[in-house]
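Derivation of every value follows stated rules applied to the coordinates shown; laboratory data play no part. Computed from a predicted structure; not experimentally measured. Don't worry about glycine lacking a Cβ; one is built from the backbone with ideal geometry, like all the others, and counts go over all protein chains shown.
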Amino acid sequence: MAWLGRWQHVSHMMITIFRSRLRPENEEAYQKMAARMHELAVKMPGFIAIKTFQAPDGERVSIVEFESEETHNAWRRHPEHMEAQRLGRELFYSEFKLQVCKLEREYGMPAQTANANQRTANEG
């Protein structure tokens, strides 16, 4: 989405925040399943992005974005994803927390704007 210099209402975008800790004994199987889920997710209609981060204490956080509730729910109900969820509960995760959110507004400053402002300040 383009920066408009003001609040931008995008109430239809869905964001999932997935916090988890892996069981070390199943990490190899998890990595294979995670690669397959990524491969599927990026091909889903409405998929925007996924980013995963890991804290020093081992907690993992994934942020997943879909363009609408409909496209998000299609991913949630995808048969292979449902099987991955089952395996996650049974084998891969020692704990997890899932938060599904509707985006109310989005704003920010793209890096190119920051660089342009820096160049203008340096030129003056």
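Contour minus end-to-end for Glu25 and Cys101, with contour as 0.36 nm per residue of separation and end-to-end as the Cα-Cα distance?
Gain on stretching Glu25 to Cys101: 24.2 nm.
Skipping prolines and chain starts, which residues have an amide H placed within reach, meaning under 5 Å, of the one on Glu59, given they are 5 or more residues away or on another chain?
Close amide H contacts, sequence-distant or interchain: none at all.
Determine ³J(HN,Hα), in whole Hz, for all residues of the range 46-60 in sequence, where each value follows from phi through the Karplus function 6.51 cos²θ - 1.76 cosθ + 1.60 and θ = phi - 60°; x replaces Gly and Pro.
x, 5, 10, 6, 9, 9, 10, 10, 10, 7, x, 7, x, 5, 10
Charges at C-beta only: +1 for Lys and Arg, -1 for Asp and Glu. How large is the resulting dipole of the range 19-84 about its Cα centre, in Debye rounded to 20? Intermediate results must be reported in sequence, preceding the final value.
Working: 10 positive and 12 negative charges, 10 e Å.
Computed about the Cα centre, the dipole is about 60 debye.
When only Cα pairs under 8 Å and 6 or more residues apart are kept, what is the percent relative contact order across the range 8-116?
48
How large is the convex hull of the Cα atoms of the range 8-116 per residue, expressed in Å³ as a whole number?
Working: hull volume 14.0 nm³, N = 109.
It is 128 Å³ per residue.
Setting aside same-chain residues fewer than 8 positions from Lys43, which aspartates and glutamates have a Cα under 14 Å from its Cα?
Glu65, Glu67, Glu80
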